[in-house]
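First comes the structure, then the notes that go with it.
The values are calculated or read from the model by the stated rules, or taken from the named source; none is laboratory data. Small disclaimer: the values here were computed from a predicted structure and weren't measured. Ideal geometry is used to build each Cβ from the backbone, glycine not excepted, and the neighbour counts take in all protein chains shown.
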Amino acid sequence: MNDSRLPILFILVAALAAPAAGARAEDLKPSQVACDAGKIGARDLADCLRAAADRADRDLAAALDAALKNVNGRTGVLNAQKSRWKRSLSESQDQWVNWRDVECQDVAPFESGMSAKGGDPRLACIIDRDAERVADLKARYP
């Protein structure tokens, strides 16, 4: 390679690496916000991800409960319709949890690989998917 091209090559490499190294807080996934792999060791990261996944599941259950209460509080909807709506929402949630479990247990490890440094991708996936679902339920059932 011509030596005069080396500075250009270094600039290109730096430009490509910059977005990954300088990720903004709003670009981070919920699992990365909860458990920063760059700041804690592998054992602490595993504990942090487990605790964050438990919190995410509790938050998801609370969001579903709030959505069901929201349906109950709707005016102009017959009680029979509310019952069916709540039953359908609960069934939808069960199916969503089944999808999340397959996605996180079977797909996520292949996508990101299993490494102690990055933490368990299955737990990170659960945290991230639960956060998405909580946001969705809160937006639909304020």
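At a glance:
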quantity	calculated
Any chance A124 is modelled with pLDDT under 95 and either in a helix (DSSP H, G or I) or out of contact with any Gly (no Cβ under 8 Å at 6 or more places or on another chain) (or both)	yes
Test: residue in segment 19-32 that is modelled with pLDDT under 90, touching a Leu at 6+ places or on another chain (Cβ under 6 Å) and outside any helix (DSSP H, G or I)	no
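Rundown of residues vs (1) surrounded by 14 or more Cβ atoms within 10 Å (Cβ to Cβ); (2) hydroxyl-bearing (S, T, Y); (3) assigned to a helix (DSSP H, G or I), yes/no style:
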| site | (1), (2), (3) |
| --- | --- |
| K39 | no, no, no |
| A46 | yes, no, yes |
| D54 | no, no, yes |
| A61 | no, no, yes |
| L64 | yes, no, yes |
| A67 | yes, no, yes |
| N70 | yes, no, yes |
| R74 | no, no, no |
